[in-house]
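Novice: A single structure is presented below for examination.
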Amino acid sequence: MAEMSANASVTVEESETDAVDDEEPTSPYAGVERRVVGVPAVPKWQPWAGAEVLPRIYQDILEAVADTPGPVRTKQIVPRIGLPTQVGKIETTRSKLKRLVARGWRDEDEPELFTPARHRAAA
């Protein structure tokens, strides 16, 4: 019986290694869309750059700020871009607005009051 069990284990081990050798190693990322990491979603404003270079949500934010007659707060922008007025959505939109200000697409005259960028309004 001991011989039979030893032979059986050898047979099992051989079949496992044969199966592994026949298969090509696959990546856990096979078939997954690859993305470039490190490219800014919001480029710095350039005179030639239109809103179409921005992701759609940023374009919506630009339109919402441009459509208001004066400075606008984040709480006022969130419903205009179709989001619920929840704290998380407001904070996410605020960070996007701050990113637009940092990259020259919008101005922040006073804390939390956003306006179209002056250089864009003049153009």
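Read-outs: derived from the displayed coordinates by stated rules, not from any lab. On a predicted model such as this, the values are computed, not experimentally measured, just so you know. Glycine gets a Cβ as well: all are built from the backbone with ideal geometry, and neighbour counts include every protein chain shown.
Novice: Need the list of lysines near K75 for cross-linking: C-alpha distance under 16 angstrom, and skip anything on the same chain fewer than eight residues off.
Specialist: K89, K96, K98
Novice: Multiply the residue gap between Q86 and V42 by 0.36 nm, knock off their C-alpha separation, and tell me the result in nm, one decimal place. Walk me through the intermediate numbers first.
Specialist: On the way: separation 44, 0.36 × 44 = 15.84 nm, distance 2.40 nm.
Length gained between Q86 and V42: 13.4 nm.
Novice: Around P111, with a cut-off of 13 angstrom between Cβ atoms, what is the net charge of the other residues, counting Lys and Arg +1 and Asp and Glu -1?
Specialist: On the way: positive: R73, R94, K98; negative: D107, E108, D109, E110, E112.
Combined, the nearby Lys, Arg, Asp and Glu give -2.
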